[in-house]
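Accompanying notes for the structure given below.
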Amino acid sequence: MHIPDGFLSLPVATGTAVLAIAGLAIAIRDVKNNLPEKKVPLLGLAAAFIFAAQMLNFPVAAGTSGHLTGATLATVLLGPSAAVIVISAVLILQCLMFADGGITALGANIFNLAVVVPVVSYVIYRFIIGFGTSSNAEPDLFKKLLAILIAAWISIVAASIFCAFELALSNAAALQLVLPAMSGVHMVIGLGEAAITAFVIANIVRLRPDLLGSSSYVNNTADNERSFFALGLIVSLALAIFVSPFASSSPDGLEFVAEQLGFIASATNLLTQAPLPDYSVPGIESLMIDSLLVGLIGTLSAFVFAWFFARWLSAPNT
């Protein structure tokens, strides 16, 4: 759902940029006041994993594909404000380094994927795990995973609805056409998002149940944290380097809708000097070496970018 240049009008691009800046500013203030320093590496790790996972497009119905946005994943494990920062960092890196998503649409992409999805995910997740649970009782893992599945699916559909309205307001397509098309295809893509998110979290909590709010975890030593961090980074690099070459080449949900409704021709790329355009290394002819380098550079860059940003924001003496 990365909107390229050319799809949005200037007023819509400006308005969504203002909303994105406001959402990011609120998240930055919250993280700066409340983020413990020991959680800084987790933001970097989350960005690295999500960047790698977003390279893995999975096929869905009607000749289109989807990929994990990771926003619900980050929201549940790190909190909504940290998720806003992590997903924003990934989107900015994808735009500036890989020309994935238009520079003029960066505000809209951040608003849709880094603000709307975490906020909706958080509200739905907290509502479900709190429903029918007494204030002093901890929800069981099944209920948490069910809440994650529902929150991930609804949040992706919600983001697609916002995107549809932005396209309609920009006169890219009529609302009565683009709204059902975008929401319909993302209802299917959202199923993949939900399943992958729940699967990843179910495996993470086997090692770090405290990240899902468990109060029974007592083995959180420095060695265990380092082991968890190292394992997470290795998995992220492995996904980006070895699995991403097998990703589906079908158009994603937004591209599919743009092709079906006839406004794909308006897509442009104003950022012509991206270092690794379209996830490729200029001058490298071997697809294997190209994929290896892109995966390695992108994943490590996402980690470093988010880590340094979180480090700068982390509250002292916490």
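A few comments on the model shown:
- Every residue from the stretch 1-30 that is among the β-branched types (Val, Ile, Thr) and either surrounded by fewer than 21 Cβ atoms within 10 Å (Cβ to Cβ) or under 18 Å from the mean Cα position of the chain (by Cα) (or both): ILE3, THR14, THR16, VAL18, ILE21, ILE26, ILE28
- If the condition is being out of contact with any helix residue (DSSP H, G or I) (no Cβ under 7 Å at 6 or more places or on another chain), over 22 Å from MET55 (Cβ atoms) and of a type in the set (S, T, N, Q), then the stretch 274-318 contributes only ASN317.
For (1) surrounded by fewer than 24 Cβ atoms within 10 Å (Cβ to Cβ); (2) not in a helix (DSSP H, G or I), each residue gets a yes or a no:
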site	(1), (2)
ILE103	yes, yes
ALA114	no, no
TYR122	yes, no
LEU149	yes, no
ILE161	yes, no
ALA168	yes, no
HIS186	no, no
LEU191	yes, no
ALA195	yes, no
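- Once the stretch 39-48 is narrowed to residues that are surrounded by fewer than 24 Cβ atoms within 10 Å (Cβ to Cβ) and of a type outside the set (Lys, Arg), the residue that is farthest from ALA230 (Cα to Cα) is VAL40.
This table checks each residue for (1) surrounded by 12 or more Cβ atoms within 10 Å (Cβ to Cβ); (2) polar (S, T, N, Q); (3) modelled with pLDDT of 80 or more.
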position: THR221; (1), (2), (3): no, yes, no
position: ALA230; (1), (2), (3): no, no, yes
position: VAL294; (1), (2), (3): yes, no, yes
position: ASN317; (1), (2), (3): no, yes, no
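- Filtered residues of the stretch 59-71 (kept if over 18 Å from ALA302 (Cβ atoms) and of a type in the set (Gly, Ala, Ser)): ALA61, ALA62, GLY63, SER65, GLY66
- Selection status of VAL243, assigned to a helix (DSSP H, G or I) and modelled with pLDDT under 85: yes
- SER250, sole failed condition from (1) touching a Phe, Trp or Tyr at 6+ places or on another chain (Cβ under 9 Å); (2) farther than 18 Å from PHE49 by Cβ; (3) outside any loop (DSSP other than H, G, I, E, B): (3)
- ASP278 vs. criteria on the phi > 0 side of the Ramachandran plot, surrounded by fewer than 20 Cβ atoms within 10 Å (Cβ to Cβ) and assigned to a helix (DSSP H, G or I): yes
Residues are listed down the side, and each one gets a yes or a no for (1) within 12 Å of the chain's Cα centre (by Cα); (2) farther than 26 Å from ILE297 by Cβ; (3) crowded, with 24+ Cβ neighbours inside 10 Å; (4) basic (Lys, Arg):
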| position | (1), (2), (3), (4) |
| --- | --- |
| GLU37 | no, yes, no, no |
| ILE50 | yes, no, yes, no |
| LEU73 | yes, no, yes, no |
| VAL76 | no, yes, yes, no |
| GLY79 | no, yes, no, no |
| SER88 | yes, no, yes, no |
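- Residue check, LEU169 within 21 Å of THR75 (Cα to Cα) and out of contact with any strand residue (DSSP E or B) (no Cβ under 6 Å at 6 or more places or on another chain): no
The values are calculated or read from the model by the stated rules, or taken from the named source; none is laboratory data. The structure presented is a predicted model; accordingly, all values stated were derived computationally and were not measured. Note that we place each Cβ from the backbone using ideal geometry, even for glycine, and neighbour counts take in every protein chain shown.
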